[in-house]
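A quick write-up on the structure given underneath.
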Ligand code: NIG
Ligand code: FE
């Protein structure tokens, strides 16, 4: 039997559908209501015009937004890197080498421990409003360990990414070409059935442009769509390669030339910015303003991982993006919802418009602006996923 719920008395509703609201990208409706039917949005509009339904929820003059879409996270891992973080906060700089510490801990962990960790961080993210998340392998780096990470991840999300090319496995230290052959051969065979995406860390100390092209092209031939860790620690070929391969997303984008920005602006590749990483590595911020002014589609995500960005909080990333990356609150909220959906090439999430999934959150504040205005305050006070209230 189908069930319907109306949420009324919403001070500000963010629909991300300009045609529904005030013609801005956020499609704002004041004094609004939302009708949920089963797992989907059935209606949005002014409260006074809301149709009658079985159940009624009074939002009490608070704001309702689409659930956050965290399109970049690394949640299948064991152990932590507190010591490395401490050393960094005493002046040491971040390098890709720290990944090896997590690889050792992850290989040593049981399946149960990995799944327990994953569900712990997912619950944490959900309480903070994340209703869709992507997660990657990349801390196994053997055929068996990469495949089990993806098998575990696929039990919890459809957005699973094969990142066998996170770094060259320590077992192949003297022979990166042999590791690339494994990643594009036996490891790809074992991992492709669980994944939708393929990713490479294209960076000094990880994989160069030619290696990244070989890996992503092999993945694409197996039906996986590319996304790339690009231009995080230094200038490099990652962003241009992302555009060349029509990758869904180029992630990090911290060091960009004008040609990189132009290439993104003339493509459908989304630039996914991950300010938690710059915060936790004390690095220079990506210039969101420059990308937005050039017309690039920007997503905001957490990059949650134990090395460079151990936060599961999209609201924290929104606040950083506004304060330090020169985004407006409206832009940051769009990027953390509709932008994340674009980075995952999804049009059934990230918006509250008839037919999309009823993934939404209630803020303990009259508008979405408070996410940046009141940093660090746990404002998310209710979360619905596919029409079911799952938090708050
Ligand atoms: O996105 N850049 C590469 N991968 C992660 C860091 C992983 C780690 O340090 O464990 C990132 O920042
Ligand atoms: Fe990452």
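FYI, it's all coordinate maths here, none of it is from the lab. Not measured: the values here are computed from a predicted model. Cβ sites come from the backbone with ideal geometry, for glycine too, and all protein chains shown count toward neighbours.
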Starting from the Cα of residue 56, step 7 Å toward the Cβ, then list every residue of the range 2-17 with an amide N under 19 Å from that point. 3-12
Would you please calculate the Kirkwood hydrodynamic radius of the chain over all C-alpha pairs and express it in Å, rounded to one decimal? 21.1 Å
Once you sort the root eigenvalues of the Cα gyration tensor of the range 1-126 as a ≥ b ≥ c, which label holds: rounded (a/c under 1.5), prolate (a/b larger than b/c) or oblate (the other case)? prolate
Computed over the chain: longest principal axis from alpha-carbon atoms vs helix 143-154 long axis, angle to nearest 10 degrees, is 0 degrees
Of 89, 327, how do they rank once you tally other Cβ atoms within 10 Å and put the fewest first? 89, 327
Can you compute the modelled spin-label distance between residue 386 and residue 293, with each label point 7 Å from Cα toward Cβ, in nm? 4.4 nm
Rank these for me by crowding, 162, 373, 179, going from fewest to most other beta carbons within 10 Å. 373, 179, 162
At a threshold of 8 angstrom on Cα-Cα distance, excluding pairs fewer than six apart, so keeping six or more, what relative contact order does the chain reach in percent? 19 percent
So how do 32-45, 137-150 stack up, highest first, on mean other-Cβ count within 10 Å? 137-150, 32-45
Would you please classify the overall shape of the range 73-137 from the alpha carbon gyration tensor, given that a ≥ b ≥ c denote the square roots of the eigenvalues, rounded means a/c under 1.5, and beyond that prolate means a/b larger than b/c while oblate covers the rest? oblate
How much length is gained if the chain between residue 173 and residue 244 is pulled fully straight, taking 0.36 nm per residue apart and subtracting their Cα-Cα distance, in nm to one decimal? 22.7 nm
Zone of residue 155's modelled label, taken as backbone nitrogen in the range 79-116 under 14 Å from a point 7 Å along Cα→Cβ: 110-116
Helical mean residue ellipticity (222 nm; -39500 (n - 2.57) per DSSP H run of 4+; nearest 500) of the chain: -9000 deg cm²/dmol
Stretch residue 48-residue 221 to full length: gain in nm at 0.36 nm per residue minus the Cα-Cα span? 57.0 nm
Which of the three applies to the range 79-182, rounded, prolate or oblate, going by the alpha-carbon gyration tensor with a ≥ b ≥ c and a/c under 1.5 meaning rounded? oblate
